[in-house]
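Notes follow the structure.
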Amino acid sequence: MLKRACAGMALFFMGVFTALAQGQPIELIAPPPRSALPGDIITLTFVAINRGTASDTYLFSVSAPASFQAIGAIPPLTLAPGAQEPVFVTLLVLQETPAGTYTIALEAVSQSDPAVRASAQTTIIIEKTAEVIVRAPDSQEVDPGSEVILSFGVTNRGNVIDAFRLEAFTPRGFATKVEPGLMELLPGETRPVLVTVRIPQDAPSGFETVTLT
């Protein structure tokens, strides 16, 4: 009885091994590294090759950092033995993505046997960018001889820590004071800048533009 039980277990494990070997081996070839800027849409072209002896269908999944957004799903791909086809991975680089090197990985899994899989990875180099946006406050009505404080907003739209020197002026040369005069901002960070303008006592009525640079 013991021998028959052991023989039955051996046949059972052999059957499992046969089932796991049904999928056809696949190879993935990654594209060379790419460079991009924040806001870019890029398409990476991988190559899938069926290295087996029969046709098989493969499912694909993409692994990317949080700063990248995959556009569209990759459809299943059926390959004959020895056949190869391109697999396109399209990504949006988010605007706030810091400069640096990022890894993008593609995995292929046999639809008939999930144990048969392959993966390949490439890198995307996000280049440094410097950009700044200044937002002005709403217009105000003030009296001659008074002092007004205006709150501007300064945003670092680049992808590196950057420092900005701030100056303010008016066409008629009204006295201005900027606080702070120099600020350091993280990528995507916005901070207020206060501009104090002193209106001369003899200033005629009309509009005066206050510019922050």
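Expressed as a rounded percentage, what relative contact order does the chain have, with Cα pairs under 8 Å and six or more residues apart? Don't skip to the end; give the middle numbers.
Numbers: 478 pairs, mean separation 38.8, N = 213.
Result for the chain is 18 percent.
Pull out the extension gain between Leu186 and Arg135, defined as 0.36 nm times the separation in residues minus the alpha carbon to alpha carbon distance; nm, one decimal.
So the extension gain works out to 16.6 nm.
Note the full-extension length gain between Thr213 and Ala66 as 0.36 nm times their separation in residues minus their Cα-Cα distance, in nm to one decimal. Present the calculation step by step, with values, prior to reporting the outcome.
On the way: separation 147, 0.36 × 147 = 52.92 nm, distance 3.33 nm.
Taking 0.36 nm per residue and subtracting the Cα distance, the gain is 49.6 nm.
Which chymotrypsin sites (Phe, Trp or Tyr not before Pro) in the range 125-213 sit in a loop by DSSP (not H, G, I, E or B) and have at most 15 other Cβ atoms within 10 Å of their own Cβ?
Details: sites: Phe152, Phe164, Phe169, Phe174, Phe207; in loops: Phe174, Phe207.
Here the sparse-neighbourhood loop sites are Phe207.
Rounding to the nearest 10 and keeping the result within 0 to 90°, find how far the Cα-based axis of helix 2-20 lies from the longest principal axis of the chain.
On a 0 to 90 degree scale, this one is about 50.
If you average over every viewing direction, what projected area does the convex hull of the Cα atoms of the range 64-141 give, in nm²? Working shown, then result.
Values: hull surface 34.0 nm².
Its average projected convex-hull area is 8.5 nm².
So if we plug the beta-carbon distance of Ala163 and Ser205 into 1/(1 + (r/R0)^6) with R0 = 41 Å, what FRET efficiency do we get, rounded to 0.05?
0.55
Is the shape of the range 71-191 rounded, prolate or oblate, going by the alpha carbon gyration tensor and its root eigenvalues a ≥ b ≥ c, with a/c under 1.5 for rounded and a/b larger than b/c for prolate?
Details: a/c = 5.37, a/b = 3.85, b/c = 1.39.
Since a/c reaches 1.5 and a/b is larger than b/c, the shape of the range 71-191 is classed as prolate.
Let me check against my output: what whole-number percent is the relative contact order of the range 61-142, with C-alpha pairs under 8 Å and at least 6 apart? Present the calculation step by step, with values, prior to reporting the outcome.
Values: 91 pairs, mean separation 23.2, N = 82.
Reported relative contact order: 28 percent.
Could you list the residues of the range 23-64 with an amide nitrogen less than 18 Å from a label point located 7 Å from the Cα of Gln111 in the Cα-to-C-beta direction?
23-27, 48-62
Place +1 on the Cβ of every Lys and Arg and -1 on the Cβ of every Asp and Glu in the range 53-153, take the dipole about the Cα centre, and give the residue among Pro81, Ile104, Ser139 whose Cα lies farthest towards its positive end.
Farthest towards the positive pole: Pro81.
Which whole-number value in Å³ per residue fits the convex hull of the alpha carbons of the chain?
Details: hull volume 38.3 nm³, N = 213.
Taking the convex hull of the Cα positions in the chain, it is 180 Å³ per residue.
Taking the Cβ-Cβ separation of Glu96 and Ala73 as r and a Förster radius of 22 Å, what is the calculated FRET efficiency to the nearest 0.05? Write out the running numbers ahead of the final one.
Working: r = 25 Å, r/R0 = 1.12.
It comes to 0.35.
Taking the Cβ of Leu28 as the center, what net charge do the other residues with Cβ under 13 Å away carry, scoring Lys and Arg +1 and Asp and Glu -1?
Working: positive: Arg51, Arg117; negative: Glu27, Glu85, Glu107.
That sum, taken over residues with Cβ under 13 Å, equals -1.
Quick one: compute the contact order of the range 103-212, relative version, from alpha carbon pairs under 8 angstrom and 6+ residues apart, as a percent.
On the way: 208 pairs, mean separation 28.8, N = 110.
Reported relative contact order: 26 percent.
222 nm [θ] for the chain, helices only, -39500 (n - 2.57) per DSSP H run of 4+, per residue, to 500? Walk me through the numbers on the way to the answer.
Details: 1 runs with 19 residues, N = 213.
Result for the chain, helices only: -3000 deg cm²/dmol.
A short reminder: the numbers here are calculations on the coordinates, not readings from a lab. Model, not experiment: these values are computed from the prediction. Because the Cβ atoms are built from the backbone with ideal geometry, glycine has one as well, and the counts that use them run over all protein chains shown.
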